[in-house]
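The values are calculated or read from the model by the stated rules, or taken from the named source; none is laboratory data. Quick caveat, the model's predicted, so the values are computed rather than measured. Here the Cβ is made from the backbone with ideal geometry for all residues, glycine too, and neighbour counts use every protein chain on show. Note: areas computed on protein heavy atoms with side chains; ligands, DNA, RNA excluded. Shrake-Rupley method; radii C 1.70, N 1.55, O 1.52, S 1.80 Å.
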Amino acid sequence: LGDRSAKVEPAVAALRARLPALERALEASGGTFFSGEALTFESVALFNALRDILAYECVGDELASYPRLAAFMAALEARARPYFEERTATHQCGYPDVVSYLAATNTPFPWSRVAKQRD
C-alpha cells in the first residue's frame, strides 16, 4: 500500500473535518438519531460506516469531543449488539469487527490491529 502517512493522515484529517457537521446535525435533529427519535436508513448507514472506520487503530478516539455523536454510536451499538455478536461468531472467526477480521484473514493492512497468524 506504500507510504502509510501519505494515505492514512489525509483520510483521518478528512474524517476529523466532517465530525463537527455530524455533531451539529444530531443537535438539530433534537433526538438520538439523525431524524430525531426515528431510526432511519441514514442513521444506520452512517453508524455502519463510522463503526468500521473507528475500528482502525490509526483513527483513535475521535468521538471524545463529540458527545451527541458518541451517544448516537453507543445507542446503535447497543441495539445492534445481538447482530454483531452473531456475525462475529458465525462469519468473522471471532474477530469483533470487519477491519480486524480482514487484517487477520487477508494480506495484513500495515495499520491493522491484528497481525495475520502464520503457522
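With N denoting the number of residues in the stretch 1-57, provide Rg(C-alpha) divided by 2.2 N^0.38 Å, to two decimal places. In units of the globular-protein estimate, the stretch 1-57 measures up at 1.37. Take 96-105, 63-72 and order them by the average number of nearby Cβ atoms within 10 Å per residue, most first; the result is 96-105, 63-72. Taking CYS93, CYS58 and ordering them by how much accessible surface each has at a 1.4 Å probe, largest first, produces CYS93, CYS58. Distance between the pseudo-spin-label points of ARG81 and ASN48 (7 Å out from Cα toward the beta carbon): 2.2 nm.
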